[in-house]
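Values quoted throughout were computed directly from the atomic coordinates according to the rules given, and no laboratory measurement underlies them. Just so you know, these numbers come straight off a predicted model, no measurement behind them. For neighbour counting, all protein chains shown are included, and Cβ atoms are generated from backbone atoms with ideal geometry for every residue, glycine included.
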Amino acid sequence: MDYLSWRTWREAEPDLRDLLPETALETVRRAARAAERWHGEQARPTGTPYTEHLMEALEVLVRGAGERDPDVLAAALLHDVVEDTPATVPDVEAEFGPVVAEYVDWLTKPPVRSRQEKRTAKVGYLRRLREAPPQVIAIKLADRASNVQTLDRMPPDFQRRYYTETVVYLMPLAQGHAFFAPWFADWARRFAHLR
């Protein structure tokens, strides 16, 4: 099953209102607004607004994995702000507290200067996730589920690389998870032609 219904906060909020207590909903609402403010006009490689990816990751966590923890949901919406915007971990902590900031910090790849350094840093980052708290792993799996559910819209060479990276580094993190393990197994079968 794909999670592509929530492209904006306006589309997500009615469902979330039925699922979350008001205080939790307010935290997630503030995170959605902060993500929109920090990411601004950024777009995905497909040309869609970057915030659509964040809403997809949120939808995967809520509707798929059944996550209700407002700190986890806020961090899912903010998982790329330190990596891709001028926001810093202290900025996130000032607005959302130390738990959300810690999750975002775990999910932020280190800065790099060269293409070779980028690949090495990414592999190190993906391996380090094995030591992350389960909440961080769930956010990362939701992030990757958002990215791979429409992998067929990307260039063929990227599809193959991303498929392999997902199978090698991300799917092992999903093992034993009631939602993510079967979801990724099904996804890998649907995209098996990329092996």
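For Cα pairs less than 8 Å apart in space and 6+ apart in sequence, what is the mean separation divided by the residue count of the stretch 9-194, i.e. the relative contact order in percent? Walk me through the numbers before you get to the answer.
Numbers: 180 pairs, mean separation 36.8, N = 186.
Once divided by the residue count of the stretch 9-194, the mean separation gives 20 percent.
Within straight cross-link reach of Lys122, meaning Cα distance under 13 Å, which aspartates and glutamates are found once same-chain residues fewer than 8 apart are removed?
The reachable aspartates and glutamates, counting only those whose Cα sits under 13 Å from Lys122, are Glu83, Glu165.
Report the label-to-label distance for Val89 and Gln175 in nanometres (one decimal), using points 7 Å from each Cα along the Cα→Cβ vector.
Each label point is offset 7 Å from its Cα along the Cβ direction, giving 2.8 nm.
Suppose R0 equals 22 Å; then what is the FRET efficiency for Asp15 and Thr48 from their Cβ-Cβ distance, rounded to the nearest 0.05?
Details: r = 20 Å, r/R0 = 0.92.
Computed FRET efficiency for Asp15 and Thr48: 0.60.
Which of the peptides 166-177, 51-62 is most tightly packed, and how do the rest follow, judged by the mean count of other Cβ atoms within 10 Å per residue?
51-62, 166-177
Add -39500 (n - 2.57) for each DSSP H run of 4 or more in the chain, then divide by its residues: what number comes out at 222 nm, to the nearest 500 deg cm²/dmol?
Here the helix-only value at 222 nm equals -19500 deg cm²/dmol.
Select from Ala32, Ala75, Ala87 the residue whose mean-square fluctuation is largest in a Gaussian network model of the chain (Cα-Cα springs shorter than 10 Å).
Comparing Ala32, Ala75, Ala87 in the GNM, the peak value goes to Ala87.
Suppose the chain between Glu36 and Arg113 were pulled fully straight at 0.36 nm per residue; how much longer would it get relative to their current alpha carbon spacing?
Fully extending the segment from Glu36 to Arg113 adds 25.0 nm.
Would you mind working out the magnitude of the charge dipole of the stretch 56-159 relative to its Cα centre, with +1 at each Lys and Arg C-beta and -1 at each Asp and Glu C-beta, to the nearest 20 Debye?
660
Which of Gln116, Leu20, Trp106 sits farthest toward the positive end of the charge dipole of the stretch 9-194, with +1 on the Cβ of Lys and Arg and -1 on the Cβ of Asp and Glu?
Checked the options; the winner is Gln116.
What length, rounded to one decimal in nm, is gained on full extension from Ala185 through to Ala121, with 0.36 nm per residue of separation minus their alpha-carbon distance?
20.4 nm
What size of dipole, in debye to the nearest 20, comes out for the chain about its Cα centre when the only charges are +1 on Lys and Arg C-beta atoms and -1 on Asp and Glu C-beta atoms?
1040
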